[in-house]
1. Looking only at region 99-125, which residues are under 20 Å from T192 (Cβ atoms) and over 28 Å from the mean Cα position of the chain (by Cα)?
2. Taking helices (runs of 4 or more DSSP H) that fall entirely within region 126-212, which contain at least 3 residues that are under 17 Å from M114 (Cβ atoms) and either under 25 Å from the mean Cα position of the chain (by Cα) or assigned by TED's automatic domain parsing to the domain that holds R77 (or both)?
3. Quick one: how many residues across region 100-149 are out of contact with any strand residue (DSSP E or B) (no Cβ under 7 Å at 6 or more places or on another chain), modelled with pLDDT of 95 or more and hydrophobic (A, V, I, L, M, F, W, C)?
4. Looking for whichever is of a type in the set (S, T, N, Q), loosely packed, with under 14 Cβ neighbours inside 10 Å and at pLDDT 95 or above here; the options are N46, N58, N65. Which one fits?
5. Restrict the check to region 229-236 and report whether at least one residue is among the small types (G, A, S), without any contact (Cβ under 8 Å) to a residue 12 or more places away in the chain and in the same structural domain as T59 (by TED's automatic domain parsing).
6. Name the residue, out of L250, L202, that is surrounded by fewer than 20 Cβ atoms within 10 Å (Cβ to Cβ) and at pLDDT below 90.
7. Restricting attention to region 213-246, and to residues there that are assigned to a loop (DSSP other than H, G, I, E, B) and of a type outside the set (S, T, Y), which single residue is farthest from L87 (Cα to Cα)?
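The values are calculated or read from the model by the stated rules, or taken from the named source; none is laboratory data. All values derive from a computational prediction rather than experimental measurement. Heads up, the Cβs are rebuilt from the backbone with ideal geometry, glycines too, and the neighbour counts pull from every protein chain shown.
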Amino acid sequence: MKLFVILFAVLLLISPVTLAEPVSLCKLTVRVESEQQHAAAGSFNNTQVSQQYYALLNTLVSKINCTLQLVDLPAGRAMKMLEDGQLDIMVGMSETDERASYSYFVGPHHIERMVVVASERVPDSVKSLQQLVELDGAISVADGAYYGPLWQQLLQDNPALIPRIFAAAGNQQKLAMLVSGRVMASLEDEATVDELLEQNDLQHAYRKLFVIHNNPVYFAFSRKSIDNAMYLQLQQQWQLMLASGEVNRLKQTVL
């Protein structure tokens, strides 16, 4: 019996299943909104849409034995850091050719429907971007954000419009600019705006006018900090989460 115990202990020491060192966890940095803004604008980080983003991402990276480190960053700086490999992940990213040069895209995790949200001084009769820019006043957008081909073409055709565009540090700031009356309109994700309107009783401060674009948005992983092998693992795990219904279950949990 004593010989058996000794042999069993030796087998445990040499077995490949039992490793002397614990498996190390990787830590991936992800950008979150900066929120030192107008209190009446509400919190983008606390909306259901935002919480769904991070719940899905947290579950996804846990599948490859990683954890998330939240980093409070303005949008423009975060984009540059993602490109340089100083930031690992951004959520809610539209896929464009430029971004694909420095990002891997996993998802989509949300269908973004961009709307024009305006103050009371903008009449309800305004139903297009062209009509909107013919009015006097500034428009807030998130620095580096993509708002679809119509918006891109409008900026290209009207260079005089550029000084009237306020490039905010993020969604939180651009909506705060609208609530405080510093801009006449802002470009926003409809799902987030609907929630903030309901939570903060801001129906009399601003309202939705019309849709300008809709497209799927993704988790963007930096090509400089995430290697191809990890990217393939993330893609595989996302597909497994979709197939198993885990993605839908997580979204329902955050509702």
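1. V122
2. Of the helices (runs of 4 or more DSSP H) lying wholly inside region 126-212, those with at least 3 residues that are under 17 Å from M114 (Cβ atoms) and either under 25 Å from the mean Cα position of the chain (by Cα) or assigned by TED's automatic domain parsing to the domain that holds R77 (or both) span 149-157, 171-179, 190-200.
3. Qualifying residue count, region 100-149: 1.
4. The unique qualifying residue is N65.
5. So far as region 229-236 goes, yes, one or more of its residues are among the small types (G, A, S), without any contact (Cβ under 8 Å) to a residue 12 or more places away in the chain and in the same structural domain as T59 (by TED's automatic domain parsing).
6. L202
7. Taking the candidates together, the pick is G245.
Rundown of residues vs (1) basic (K, R); (2) in contact with a helix residue (DSSP H, G or I) (Cβ under 9 Å, 6 or more places away or on another chain); (3) at pLDDT below 95, yes/no style:
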site	(1), (2), (3)
K208	yes, yes, yes
Q237	no, yes, no
G245	no, no, no
L255	no, yes, yes
